[in-house]
Amino acid sequence: MAELHVELVAADRRVWSGEASLVVARTSSGEIGIMPGHQPLLGVLVSGPVTIRTTGEDGTVVAAVHEGFISFADDKLSLLAEIAELSYEIDVERAERALEKAKAEQDAAAERRADVRLRAVAVAR
Amino acid sequence: MGAQLRVYKRRIKSVKATKKITKAMEMIAASRIVKAQRQVAASTPYAEELTAAVTAVADGANVKHPLTTEAEAPKRAAVLLVTSDRGLAGGYSSNAIKAAEELTRRLDGEGKDVTTYVVGRKGVAYYNFRERPVSDSWTGFTDSPSYADAKTVAAPLIESIGREAAEGGVDELHIVFTEFVSMMTQTPVQRRMLPLSFAAEAGAGETDAGAASRARIQPLYDFEPSAEEVLDALLPRYVESRVYNALLQAAASEHAARRRAMKSATDNAEELIKSLTRLANAARQADITQEISEIVGGASALADASAGSDR
């Protein structure tokens, strides 16, 4: 089966890299699914969960991505984000607390960050 | 104990205390270089992917974006200078400042107005002492900069390049920092961040992956939502990532420079202790010799006196 190579990188580290059969992400104009052989693409990601269906033993990997870019060419996909976390790295309780706090303080950016984290965890389940 | 000897002993003690301090600083700096290098390495994939993406849009999209095309007659340029917060790092900060001054003079000569942005207490002190204007400055994180720090530094730069020149915007963006070449070599470099100049970058020893991606023929990208919007979103991130990379490299260089400065300070202290010990030994020996000759002189005087009284 055809595969595509995925690199998920955050500003300060490489978060995940491996082979996948399908990647679903949210660009500013809607959800996009990319499979091997897709047309070369460069898009702007909005905050949200990114689902990577791997062909390895990882199964389905879900990451919370806070704004970034998606670029695909030659069956190589790069997901760039300032902050990116894998769903199993996310501390749910902490994210929930952060969400409560952000709501109380009406900090829109923090609220969105916490919300994206929780959504990623929810998708992964 | 002779007065001379006491003076030497005191000096040896004080040099030894200084040596202990410089030795400790040397070891601390050495351990931090490794950490800083790791951070540089960790940030490389993002910088490379981002450069590749920017190249793809700039080459493939054929859009005329103000940030990728040179202004007809550039009037104003911004220079970001990265120095350290603390001294005791040899010529680290002053070399970076010198490089920035050179760049400023060159830009001045080309008829451009230069606005200066400074990172690090040493650079700020330099400009304050000479009462030269600094648009903005940041201190307190040159030891181990985080991405958030890079964002705060990059924000006014991005903002000023977006504005029209008449309203205080700038046409060019330069960065001066100390590149970490190796443990022994750190060189101050001047880079132009914007407008993008890929040829110059490849020549200035950019990463291999970046150069390779430029050499390859770019595939025809589909842009989502549109090339202009992608470029609009990409460029701030690009500047941030370049600033982040510069800050990290500067931090690694700072530690390396400090380690070297402290190593030579320790070596000098050792040398000083050695020569002072020699002097102290000579002084002690002179004391002993003098004492012996005094005793012998005293004894012979006594013998002479008693021999005289016998008669």
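Can residue B:139 be described as touching a strand residue (DSSP E or B) at 6+ places or on another chain (Cβ under 8 Å), closer than 19 Å to residue B:193 by Cα and among the polar types (S, T, N, Q)? Can you show your working first?
Working: touching a strand residue (DSSP E or B) at 6+ places or on another chain (Cβ under 8 Å): yes; closer than 19 Å to residue B:193 by Cα: no; among the polar types (S, T, N, Q): yes.
Spelling it out, it is not the case that residue B:139 is touching a strand residue (DSSP E or B) at 6+ places or on another chain (Cβ under 8 Å), closer than 19 Å to residue B:193 by Cα and among the polar types (S, T, N, Q).
Can you give me the number of residues within the stretch B:169-194 that are in a loop (DSSP other than H, G, I, E, B) and within 15 Å of residue B:95 (Cβ to Cβ)?
Looking only at the stretch B:169-194, we keep the residues that are in a loop (DSSP other than H, G, I, E, B), and these are B:169-171, B:181-185.
If we keep only those that are within 15 Å of residue B:95 (Cβ to Cβ) too, we end up with B:181, B:184-185.
Qualifying residue count, the stretch B:169-194: 3.
What are the residues in the stretch A:87-120 that are under 24 Å from residue B:46 (Cα atoms) and either crowded, with 18+ Cβ neighbours inside 10 Å or among the polar types (S, T, N, Q) (or both), if any?
A:87, A:90, A:113, A:114, A:116, A:117, A:120
If you check A:30, A:18, A:48, which single one turns out to be assigned by TED's automatic domain parsing to the domain that holds residue A:81 and under 14 Å from residue A:85 (Cβ atoms)? Can you show your working first?
Numbers: A:30 fails: under 14 Å from residue A:85 (Cβ atoms); A:18 fails: under 14 Å from residue A:85 (Cβ atoms).
Answer to the selection: A:48.
Picking from A:80, A:41, which residue would you name as being touching a Phe, Trp or Tyr at 6+ places or on another chain (Cβ under 6 Å) and either among the aromatic types (Phe, Trp, Tyr) or surrounded by 22 or more Cβ atoms within 10 Å (Cβ to Cβ) (or both)?
Values: A:41 fails: either among the aromatic types (Phe, Trp, Tyr) or surrounded by 22 or more Cβ atoms within 10 Å (Cβ to Cβ) (or both).
Only one candidate passes the filter, namely A:80.
State which residue is nearest to residue A:2 (Cα to Cα) when the search covers only the stretch A:23-49 and only residues that are part of a loop (DSSP other than H, G, I, E, B) and within 11 Å of chain B (Cβ to nearest Cβ). First the steps, then the outcome.
The first filter runs over the stretch A:23-49 and keeps only residues part of a loop (DSSP other than H, G, I, E, B), leaving A:28-29, A:35-40, A:46-47.
From the residues that got through so far, the ones that are within 11 Å of chain B (Cβ to nearest Cβ) too are A:28-29, A:38-40, A:46.
Working: A:28: 27, A:29: 27, A:38: 11, A:39: 15, A:40: 16, A:46: 27 Å.
Only one residue tops the list, namely A:38.
In the stretch B:174-211, how many residues are more than 19 Å from residue B:98 (Cα to Cα) and either surrounded by 13 or more Cβ atoms within 10 Å (Cβ to Cβ) or modelled with pLDDT of 85 or more (or both)? Spell out the reasoning first.
Of the stretch B:174-211, the ones more than 19 Å from residue B:98 (Cα to Cα) are B:182-184, B:193-211.
After this cut, where a residue has to be either surrounded by 13 or more Cβ atoms within 10 Å (Cβ to Cβ) or modelled with pLDDT of 85 or more (or both) as well, the list is B:182-184, B:193-198, B:201-202, B:204, B:206-207, B:209-211.
Final tally of qualifying residues: 17.
Taking the stated definitions as given, is residue A:22 touching a strand residue (DSSP E or B) at 6+ places or on another chain (Cβ under 9 Å) and under 21 Å from residue B:49 (Cβ atoms)? Before the answer, list the steps.
Numbers: touching a strand residue (DSSP E or B) at 6+ places or on another chain (Cβ under 9 Å): yes; under 21 Å from residue B:49 (Cβ atoms): yes.
Considered against the rule, which asks whether it is touching a strand residue (DSSP E or B) at 6+ places or on another chain (Cβ under 9 Å) and under 21 Å from residue B:49 (Cβ atoms), residue A:22 comes out as yes.
With respect to residue A:52, determine if the residue is surrounded by 19 or more Cβ atoms within 10 Å (Cβ to Cβ) and more than 14 Å from every other protein chain (Cβ to nearest Cβ).
yes
The values are calculated or read from the model by the stated rules, or taken from the named source; none is laboratory data. Owing to the predicted nature of the structure, the values given are computational and were not obtained by experimental measurement. Using ideal geometry, Cβ is built from the backbone for each residue, glycine included, and neighbour counts are taken over all protein chains shown.
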